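Right, one structure below, let's go through it.
Where a number appears in this text, it was derived from the coordinates with a stated rule and is not lab data. Here the structure is a predicted model, which means the values were calculated and not measured. Cβ coordinates were reconstructed from backbone atoms using ideal geometry, including for glycine residues, and neighbour counts include every protein chain displayed.
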Amino acid sequence: MKIEGRTFVISGGASGLGQATAEELVRFGGYVAVLDMNEDNGAAVVSKLGADKTRFFQCNVTDTESIAAAVQGTVEWVKETGKPLGGVIPAAGISLPSTMLDRHNTPLSLPDFNFVLSVNLTGTIDLVRQCLPHLAATTPPSSGSLEDGERGVVIMVASAAAFEGQRGQVSYAASKGAIAAMTLPMTRDLSRYGIRVVTLAPSLFDSAMTSLMSNKVRQSLEGAMEFPRRAGRPEEFAMAARHAVENVMLNGAVIRLDGGMRMPSKL
Ligand SMILES: NC(=O)c1ccc[n+]([C@@H]2O[C@H](COP(=O)([O-])OP(=O)(O)OC[C@H]3O[C@@H](n4cnc5c(N)ncnc54)[C@H](O)[C@@H]3O)[C@@H](O)[C@H]2O)c1
């Protein structure tokens, strides 16, 4: 899909990997609806990228009404700009590490487990679900992919933890593993509408989420990378997301972005 002149919805677009993707898509002529809980960061992204190319919607992806309002706002903005919806990138995510049984003999907290799933998994599927009727109603523009009748692309964000979750990552791995597992059936459901599905699975990337790690944990994770031996940069995630938008043959795939790393059991 040609990015220029299309509108993309990005949750978690006010920070880290989501923000870098918003910046990349705008750089290539796209329009971005930034959905995030963090109003200050959302306003900063709009002022950086321009109010003509971006619009911020404060949104909590665990609240279906909040998503509905943001999607409706995006649809109205699209009517104003005339730049049709092209895709949705649900990148909002959290991590709440906790072991199955701690040293005080307390098992994993069920509310904490459900909270991680509600943001990372339900928050992903609910946003995608609510964007789909609008993507399916899009008339493919007269650009390069016209002959394919491509209407849209869904780019989900999993993690290397979907495959090699570390200690303390049961809930995070459950949420990301589910996203990886949903990729193929979602692709099969949406192919008849000309909507593709690609999932990116990063390992360690610089962001607000990973800035909370201690130096020891970070160095240990970087040491597990093959090449390059460093955390990924948000722009490198954004490059992959852009390619996933542009390349019509990428569909039904879960793509690791990990510098060859396989996460060790413990650090
Ligand atoms: N950074 C990494 O190393 C890494 C690795 C693998 C996967 N990921 C995934 O990438 C995605 C982006 O993470 P990041 O590293 O950029 O983190 P980040 O903390 O920089 O950004 C996450 C954004 O999501 C928003 N958010 C959180 N909960 C929300 C909610 N309920 N509703 C709306 N917005 C909400 C936050 O306000 C924040 O702006 C996440 O899904 C994360 O799990 C990150």
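Multiplying the residue separation of His104 and Glu147 by 0.36 nm and removing their Cα-Cα distance gives an extension gain of 9.3 nm.
Across the chain, C-alpha contacts under 8 Å between residues 6 or more apart give a mean separation that, scaled by the residue count, equals a relative contact order of 21 percent.
Only DSSP H runs of four or more residues enter the estimate; each adds -39500 (n - 2.57), and after division by the residues of the chain the mean residue ellipticity at 222 nm equals -13000 deg cm²/dmol.
Would you mind finding the longest exposed-site-free stretch of the chain, with exposed trypsin sites (Lys or Arg not before Pro) meaning DSSP loop and at most 15 other Cβ atoms within 10 Å?
Details: sites that count: Arg103, Arg167, Arg229, Arg230, Arg262, Lys266.
Within the chain, the longest run free of exposed trypsin sites (Lys or Arg not before Pro) spans 1-102.
Look at the dipole of the chain built from charges on Cβ: of Val32, Ser211, Ala70, the Cα furthest out on the positive end belongs to Ser211. Taking the alpha carbon gyration tensor of the stretch 7-257, multiplying each eigenvalue by 5 and rooting it gives semi-axes of 30, 19, 19 Å, largest first.
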